[in-house]
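Participant: One structure, pasted below without further comment.
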Amino acid sequence: MKNKNFFDQSPTLLWATFVIIFILGFGIRLYDLTDPPLDFHSTRQLYSALIARGLHYRNIDSAPAWQREAAIEALESKAVIEPRIFETLVSLTYRIIGREVIWVARIYSSIFWIVGGAVLYFLARDLTSPDGGIIAAAFYLFVPFGAIASRSFQPDPLMIMWLVIAWWAFLRWHRSPSWKTAISAGLAAGIAILVKSVAVFMLLGGMAALILADRGLKNAIRDVQIWAIAALSALPAAAFTFYGLFALEMSSQFQGRFFPELLTDPAHYVRWAGEIASVVGFSGMIFGLVGVFAFEKRPQRAFLMGLWAGYVTYGLFFPYHFLTHNYYHLPLIPLVALSLSPLAAAVFRKIAALDLSLFLRLAVIGVLGLGAAIQLWDIRVTLAREDYRHEPAYWAALGEQLDRDAEIIALTQDYGDRLAYYGWVNTTNWPESKAMAYRQLRGGEEMSFDEWFANRTENMDYFLVTRLKEFDRQAKLHANLTEEYPVVIEGEGYILFDLRA
């Protein structure tokens, strides 16, 4: 007799659970919606915010000339890292609603994540059961780190959505090979990699492992559809990269990424494990890894093993950023969720075999609801802990005191982007201590402080300091400015030095 699944006993209960978890998952991401995007990697979010603003102001003539010039200058100062798909979408939304409303990006990111979760449910359901699909989707929606990161203004939530769609499309092709499913899989993978090129690690590993486990190398090489999938996966990003290298000066973006010396340091892997624990929880990682071996079919196990191998390879290619940019670990969330699905399916199959009454089945759902409620409360507390609504007024007031036509170098928050966005003043960045250490790690040219200071401040009119603690840490800079240059203005949290003296 075929094993029963828990939700097979009540399709209504299944879809009610599905709808409720997705409503809650979307709703919690809209909590504190209008708080400025300074709660999670503010530098990365303001980078996208300034690009979206510049794209918006570049197409309107009604704005004051100085605002339009400042917005376009900020846009043109931003290096091209990946295609500006998300920023363009947000700027078009600004044009439709008639004004710049930064929190629309938060809504878009949340929608991307929710769509990815719906696709993940169907993927996990197809690999295991509706029970496994529900638990995979719930984990994906309610893991606290994911809830915070998935509402940020950066391309990662969009990449994750297309990454999960590509997994699903590729497995559909594997089950029912045809030109239609092959093209769908190739296009989905191609879009994911185009949105953010690092998606290639979490696609190539799984696809290659599944094909080799199921067909072998010789048969794979002879399969024209596999070549079509590979071509469609690679062409969009390859075309953009080719264009970027020659037209957008993207070559600098490939520098300072790989540091092999970090890979020989045992402490690096301890810190890596700590990052994993902060993203999915240590137990999530362990049960996820165990869950890989619980998939019933060999090709399924190979696919998940390939995805995990892709994640590890990803970390080996970007060892520095894996420890300094925790959002690099976001693909781990759908991966762990999918890996947990066979364990969840097995547990719920055991419960279903008991033929519980409706009341007891609702009690099981209640236990799951309690777990979700605890996670939701944790997310809500994290979002409510900090309120950044006072920040825009502070930076706007500071911007009013500065000469917008002057050349200003600044030791300030977010490499100057916070002042640029809220104060409408573009500055040249003076690096913080960590950035200087990163420059040395990249093999930057050795300079004395005097040479470095003269080089960075050449043709500058003023030196602005708003990071006072960091200013104190840079003793040579502190001594040089305070002893050699007069203070123009000084207020709460800032000092402006006159370099022209």
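Participant: Please report the projected area of region 97-224's Cα convex hull averaged over all directions, in nm².
Facilitator: Its average projected convex-hull area is 9.4 nm².
Participant: Under unit Cβ charges (Lys, Arg +1; Asp, Glu -1), what dipole magnitude, rounded to 20 debye, does region 272-394 have relative to its Cα centre?
Facilitator: With Lys and Arg at +1 and Asp and Glu at -1, about 500 debye.
Participant: A follow-up question, please. Which of [x] 26.4, 91; [y] 22.9, 71; [z] 25.4, 89 is the computed Rg and Dmax of the Cα atoms in Å for the structure on display?
Facilitator: Computed from these coordinates, Rg and Dmax of the Cα atoms in Å corresponds to label [z].
Participant: Might you tell me the accessible area per residue for the chain, computed with a 1.4 Å probe and given in Å²?
Facilitator: Per residue, the chain has an accessible area of 46 Å².
Participant: Which residue, chosen from Tyr394, Gly491, Thr427, occupies the Cα position most advanced towards the positive end of the dipole of region 345-501, where the dipole is computed from +1 (Lys, Arg) and -1 (Asp, Glu) charges on Cβ about the Cα centre?
Facilitator: Tyr394
Participant: Please list 3J(HN,Hα) in residue order for region 123-137, calculated via the Karplus relation 6.51 cos²θ - 1.76 cosθ + 1.60 where θ = phi - 60°; whole Hz, with x for glycine and proline.
Facilitator: 5, 5, 4, 5, 7, 10, 6, x, 4, x, x, 5, 5, 4, 5
Participant: Output wanted: per-residue J couplings in Hz (rounded whole) for region 16-31, from phi through Karplus 6.51 cos²θ - 1.76 cosθ + 1.60, θ = phi - 60°, x for Gly and Pro.
Facilitator: Along region 16-31, the couplings run 5, 5, 4, 5, 5, 5, 6, 5, 5, x, 6, x, 5, 6, 8, 5 Hz.
Participant: Of Pro299, His478, Leu316, whose Cα points farthest to the positive end of the dipole of the chain (charges on the beta-carbon: +1 Lys, Arg; -1 Asp, Glu; origin at the Cα centre)?
Facilitator: Comparing the listed Cα positions along the dipole, Pro299 ranks first.
Participant: Under a crude label model (7 Å from the Cα following the beta-carbon direction), how far is Val487 from Asn459 in nanometres?
Facilitator: It works out to 3.0 nm between the two label points.
Participant: What is the dipole size for the chain, taken about its Cα centre, with +1 at each Lys and Arg Cβ and -1 at each Asp and Glu Cβ, in debye to the nearest 20?
Facilitator: Computed charge dipole of the chain: roughly 3040 debye.
Participant: Could you estimate the translational diffusion coefficient of region 1-154 from the Stokes-Einstein equation, with Rh from the Kirkwood formula over C-alpha pairs, at 25 °C and 0.890 mPa s, in whole µm²/s?
Facilitator: For these conditions, the coefficient is 139 µm²/s.
Participant: When 1/r is averaged over all different Cα pairs and the result inverted, which Kirkwood radius in Å belongs to region 387-501?
Facilitator: Details: mean 1/r = 0.0681 Å⁻¹.
Kirkwood radius, region 387-501: 14.7 Å.
Participant: Roughly what would the spin-label model give for Val101 and Glu407, points 7 Å off Cα along C-beta, in nm?
Facilitator: For the pair Val101/Glu407, the computed spacing is 4.1 nm.
Participant: Another question, then. Compare the peptides 373-379, 230-236 by average per-residue count of other Cβ atoms within 10 angstrom and give them in order, highest first.
Facilitator: Details: 373-379: 15.7, 230-236: 17.7.
Top to bottom by mean Cβ count within 10 Å: 230-236, 373-379.
Participant: With the convex hull built on the Cα atoms of region 298-361, state its orientation-averaged projected area in nm².
Facilitator: For region 298-361, the mean projected area of the Cα convex hull comes to 6.3 nm².
Participant: Using a 10 Å cut-off on Cβ atoms, rank the peptides 182-191, 153-162, 8-17 from the highest mean neighbour count down.
Facilitator: Going by the mean number of other Cβ atoms within 10 Å, highest first, we get 153-162, 182-191, 8-17.
Participant: What is the distance in Å between the Cα centres of region 290-333 and region 75-154?
Facilitator: If you average the Cα positions of each part, the centres end up 20 Å apart.
Participant: Dipole of the chain (Lys/Arg Cβ +1, Asp/Glu Cβ -1, origin at the Cα centre): which of Leu203, Ile191, Ala344 lies farthest to the positive side?
Facilitator: Positive-most Cα among the choices belongs to Ala344.
Participant: Just how much of Ile96 is accessible, in Å², when a 1.4 Å probe is used and the result is rounded to the nearest 10?
Facilitator: Surface open to solvent at Ile96 totals about 140 Å².
Participant: Can you order the peptides 455-465, 44-54 by their average number of other Cβ atoms within 10 Å per residue, highest first?
Facilitator: The most tightly packed comes first, giving 44-54, 455-465.
Participant: At a threshold of 8 angstrom on Cα-Cα distance, excluding pairs fewer than six apart, so keeping six or more, what relative contact order does the chain reach in percent?
Facilitator: This gives 17 percent for the chain.
The values are calculated or read from the model by the stated rules, or taken from the named source; none is laboratory data. From a predicted model like this one, the values you see are computed outputs, not experimental measurements. Cβ sites come from the backbone with ideal geometry, for glycine too, and all protein chains shown count toward neighbours. Heavy atoms of the whole protein, side chains included, go into the accessibility calculation; ligands, DNA and RNA do not. Shrake-Rupley method; radii C 1.70, N 1.55, O 1.52, S 1.80 Å.
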